[in-house]
1. So which residues in the range A:44-60 are surrounded by fewer than 20 Cβ atoms within 10 Å (Cβ to Cβ) and within 30 Å of B:N10 (Cβ to Cβ)?
2. Filtering the range A:105-114 down to residues that are within 14 Å of chain B (Cβ to nearest Cβ) and open to solvent by 50 Å² or more (accessible area, probe 1.4 Å), which residue is nearest to B:F45 (Cα to Cα)?
3. Which one of these is on the phi > 0 side of the Ramachandran plot and either in a strand (DSSP E or B) or of a type outside the set (G, A, S) (or both): A:E16, A:E20?
4. Which pairs do you get when a residue that is within 20 Å of A:V110 (Cα to Cα), found in the range A:18-32, comes within reach of a residue that is open to solvent by 60 Å² or more (accessible area, probe 1.4 Å) and in a loop (DSSP other than H, G, I, E, B), reach meaning Cβ atoms under 6 angstrom, with the pair 6+ apart or on two chains?
5. If B:A67 passes every condition in (1) under 26 Å from A:V31 (Cβ atoms); (2) assigned to a loop (DSSP other than H, G, I, E, B); (3) more than 12 Å from chain A (Cβ to nearest Cβ) but one, which one does it miss?
6. Restricting attention to the range A:1-11, and to residues there that are surrounded by 11 or more Cβ atoms within 10 Å (Cβ to Cβ) and assigned to a strand (DSSP E or B), which single residue is nearest to the chain's Cα centre (by Cα)?
7. Could you pull out every one of the strands (runs of 3 or more DSSP E) wholly within the range A:55-104 that has 3 or more residues that are of a type outside the set (D, E, K, R), within 20 Å of A:Y39 (Cα to Cα) and within 14 Å of another protein chain (Cβ to nearest Cβ)?
8. B:T76 is checked against (1) open to solvent by 20 Å² or more (accessible area, probe 1.4 Å); (2) closer than 23 Å to A:Q38 by Cα; (3) more than 14 Å from chain A (Cβ to nearest Cβ) and fails just one. What number does that condition carry?
Amino acid sequence: AQSVTQLDSQVPVFEEAPVELRCNYSSSVSVYLFWYVQYPNQGLQLLLKYLSGSTLVKGINGFEAEFNKSQTSFHLRKPSVHISDTAEYFCAVSAGAAGNKLTFGGGTRVLVKP
Amino acid sequence: GAGVSQSPSNKVTEKGKDVELRCDPISGHTALYWYRQSLGQGLEFLIYFQGNSAPDKSGLPSDRFSAERTGGSVSTLTIQRTQQEDSAVYLCASSLEAGTDTQYFGPGTRLTVL
């Protein structure tokens, strides 16, 4: 079974400042890794995913994440946030061949302040 | 094109009543997933359909929950004898195929059990 831990439940950040959202996972098999964003009263939207290859993954809206197998982490970063980045962010894993159901972390609420 | 749609968007019911939640996946997507998002439990996998294969029901919390997918397209999640702990947002997602394909989420159905 897989599990995902998002270490920060809330992250306040000023506009144009950088932000990093931490995600650690545990799994006994190889996993695929995802970051989703949920804007208020909306469904989940994929930001980026890591399947294989380069450990630095670039996604939409200027976000990127780095897969670190030795530290079992997949932290999400953005160098300069906008007010519109205020949302909840979810890290998720799937075990790929064992099924595609996503196991989610508890979410990190990002509040961008002017 | 059209995304994943869910109906109703909101449902209020009395404890003990049955409810049906509907999901229309993206046309041509063979895989369909149901998840539940609640304050206490976060985002949890419920059930997964892939083509004509037997569904993966491993996430259903009790035998009061069931789901079907007719004609490989529309899916209905049924909750019998609803309880207050069933109150949550029920999210549906679809992907082109199982595997590493991106799951696209609908806006969800907010269920409130009084």
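1. A:Q45, A:L46, A:I60
2. By that ranking, first place goes to A:G106.
3. A:E16
4. What qualifies is A:P18/A:P79; A:R22/A:L7.
5. Checking B:A67 against (1) under 26 Å from A:V31 (Cβ atoms); (2) assigned to a loop (DSSP other than H, G, I, E, B); (3) more than 12 Å from chain A (Cβ to nearest Cβ), the one that fails is (2).
6. Taking the candidates together, the pick is A:Q6.
7. A:87-94
8. (2)
The values are calculated or read from the model by the stated rules, or taken from the named source; none is laboratory data. These numbers come from a predicted model, not from an experiment. Don't worry about glycine lacking a Cβ; one is built from the backbone with ideal geometry, like all the others, and counts go over all protein chains shown. Note: accessible area is taken over every heavy atom of the protein model, side chains too, but ligands, DNA and RNA are not part of it. Shrake-Rupley method; radii C 1.70, N 1.55, O 1.52, S 1.80 Å.
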